[in-house]
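The values are calculated or read from the model by the stated rules, or taken from the named source; none is laboratory data. Note that the structure is predicted; figures quoted are calculated from it, not measured. Positions of Cβ are generated from backbone atoms using ideal geometry, with glycine treated the same way; all protein chains shown enter the neighbour counts. Keep in mind that these areas ignore ligands, DNA and RNA; they rest on the heavy atoms of the full protein, side chains included. Shrake-Rupley method; radii C 1.70, N 1.55, O 1.52, S 1.80 Å.
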Amino acid sequence: MDHLVKALASDLDRHFPVLVSELQHGVFSGLRQLTGDHHRAEDLTQEAFIRAYRAMQTYPAERIKSMRLRGYVWTIALNLLRNQARAESRQPKPVRLEDAGYLPPDPPDSHAWRRRWQMLPTAQRRAVILRHVSGLSYQEISDATGRPQSTVRSDVRRGLGRLRTIIDGEDNRSIQ
Amino acid sequence: MNLEKELGRLLTTAPREVGEGVVLGTGISDGFSVFESLLGPVVVTFNPLGVSAVDLLSEGFEQRFEQRFQRGLLEARPPRGWNDLILRALEEGTPGALPVDLRSVTTFQREVLEETAAIPRGQTRSYGWLAHQTGRPRAARAVGQTMARNPVPLVIPCHRVVRADGQVGHYGLGGIHNKRTLLRVEGALG
């Protein structure tokens with residue numbers, strides 16, 4: 001990411017698509033799990049990047065050079081998610097392109113995961129998804145959630161523990 | 001099961017629409033799709049404000065676009081609902097409900113193009129008539145330049161604007177031969 005912040009600071013328009021292509025899969029997959037909905041995740045991912053771009057357009061190059069990009073984009077994404085939960089109206093509207101006519105397959109065990117995530121407290125759910133689905137560092141999760149790194153670590157640890165218990169419960173049930 | 005590994009499997013590829021939507025939504029690039037027209041395949045470019053350009057599908061259209069509009073181009077599907085509007089606009093030779101992005105022209109040129117958009121199929125108008133309509137009767141030459149700058153030929157039917165002496169005059173989209181073809185098909189030329 002270091003090389004990319006320098007490039008973005010020198011020519012935002014030219015390099016922003018590179019930032020999108022590097023981060024979009026993690027952001028989309030994380031939002032896919034957090035929302036449980038393909039289309040919502042798609043819209044939120046788009047909107048987070050568009051907002052990030054508009055904000056960065058107003059930043060001086062020095063500020064861009066010191067940015068931690070992944071945490072920054074996720075800060076916006078989580079804010080959108082919170083605000084969207086409160087009100088459905090949101091600006092700017094995502095650009096909805098003509099449908100390709102097919103939906104890509106859901107990630108594995110979508111149904112089971114949706115139920116599992118619902119059984120976790122929000123902070124743990126976020127921390128586990130950001131860490132283990134989207135691949136953020138503890139520092140980046142701390143940036144994005146505003147929680148201290150030590151708290152994030154314990155959120156992840158507890159979240160994983162809880163998930164193991166939930167999944168063990170499922171296995172026992174399926175054996176009976 | 002290995003939980004961390006299972007979680008890792010939930011990392012999937014973002015759909016193509018995400019990246020395309022971001023690049024279009026930020027205005028960094030316009031999108032383009034290829035459509036059929038009477039003049040053969042044409043490239044139609046678009047952004048959230050509307051259709052921004054129409055050009056013949058030929059070598060170097062991307063460079064021509066970048067040079068004129070100072071933005072990049074990215075092949076993408078049009079915004080939802082626009083596909084049919086574009087097809088109809090190309091077929092009927094008028095924007096109809098299709099939004100058109102005219103940021104690339106001056107205020108005067110925009111007025112001229114808006115008047116041009118209203119010329120019915122099967123009819124023609126002269127450069128002088130358009131100049132008169134926009135309140136600058138002596139600006140026939142500027143009207144001619146505006147037609148040459150029309151970013152969306154076929155959609156805004158500049159081919160229906162001809163010389164007062166009856167000659168068809170210039171045409172930017174592949175030359176005078178194409179202008180004659182269009183007018184003949186529309187029944188405006190014997």
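Bridge orientation summary for the stretch B:1-133: considering DSSP beta bridges with both residues in this region, about 70 percent are antiparallel.
Within a 10 angstrom radius of each residue's Cβ in A:42-53, how many Cβ atoms of other chains show up on average? Whole number is fine.
Values: counts 5, 3, 1, 7, 11, 3, 1, 7, 8, 2, 2, 6.
Partner Cβ neighbours, averaged per residue: 5.
Size of the dipole of the stretch B:54-190 about the Cα centre, Lys and Arg at +1 and Asp and Glu at -1 on the beta carbon, nothing else charged, in debye to 20?
Here the stretch B:54-190 has a charge dipole of around 400 debye.
Sum -39500 (n - 2.57) across every DSSP H segment of at least 4 residues in chain A, then divide by the residue count to get the 222 nm mean residue ellipticity, nearest 500. Let's see the in-between values first.
Numbers: 9 runs with 127 residues, N = 176.
Rounded to the nearest 500, the figure is -23500 deg cm²/dmol.
A protection proxy built from the mean count of other Cβ atoms within 10 Å ranks the segments A:162-170, A:129-137, most packed first, as A:129-137, A:162-170. Beyond 23 Å, what share of the Cα-Cα pairs of the stretch B:1-92 is found? Please give it as a whole percent. Everything past 23 Å amounts to 35 percent. A quarter of the convex hull surface defined by the alpha-carbon atoms of chain B gives 13.1 nm² as the mean projection. Qualifying trypsin sites (Lys or Arg not before Pro) in the stretch B:98-132, where qualification requires a DSSP coil assignment and no more than 16 other C-beta atoms within 10 Å, comprise B:103, B:121.
Counting only alpha carbon atoms, the long axis of helix B:107-117 and the longest principal axis of chain B meet at about 80°.
Using Stokes-Einstein with the Kirkwood hydrodynamic radius over Cα pairs, what translational diffusion coefficient do you get for the stretch A:16-90 at 20 °C and a viscosity of 1.002 mPa s, in µm²/s rounded to a whole number?
Numbers: Rh = 12.8 Å.
The Stokes-Einstein estimate is 168 µm²/s.
Note the angle between two axes, namely the Cα long axis of helix B:140-149 and the longest principal axis of the Cα atoms of chain B, as a number of degrees from 0 to 90, rounded to the nearest 10. With rounding to tens, the tilt is 20 degrees. Estimated at the nearest 10 Å², the accessible area of residue A:6 is 130 Å² with a 1.4 Å probe. In this simple spin-label approximation, residue A:54 and residue B:121 carry label points 7 Å from Cα along the Cα→Cβ vector, and these lie 3.9 nm apart. Here the Debye sum runs over all C-alpha atoms of chain A as equal scatterers in vacuum, and log10 of I(q)/I(0) at q = 0.17 Å⁻¹ comes out as -1.13. I need the shape label for the stretch B:87-190. Rule: rounded when a/c is under 1.5, else prolate if a/b > b/c, else oblate, with a, b, c from the alpha carbon gyration tensor. Verdict is oblate for the stretch B:87-190. Peptide B:23-31 shows a mean partner chain C-beta count of 6 within 10 Å per residue C-beta.
DSSP finds beta bridges in the protein assembly as shown, and of those with both partners inside it, around 65 percent are antiparallel. Counted as membrane-span-like here are DSSP H helices of chain A whose alpha-carbon atoms extend 20 Å or more along the helix's own axis and whose Kyte-Doolittle mean is -0.5 or above; these are A:12-35, A:69-86. Shown here is the pair-distance distribution of the protein assembly as shown: with all Cα-Cα distances grouped in 20 Å bins from zero up to the longest one, the shares run 26, 42, 24, 8, 0 percent.
Here r is the Cβ-Cβ distance between residue A:65 and residue A:137 and R0 is 25 Å; the resulting FRET efficiency, rounded to 0.05, is 0.85.
A Förster radius of 56 Å combined with the Cβ-Cβ distance from residue B:167 to residue A:18 puts the calculated FRET efficiency at roughly 0.65. Treating r as the C-beta distance of residue B:181 and residue A:96 and R0 as 35 Å, the FRET efficiency rounds to 0.45.
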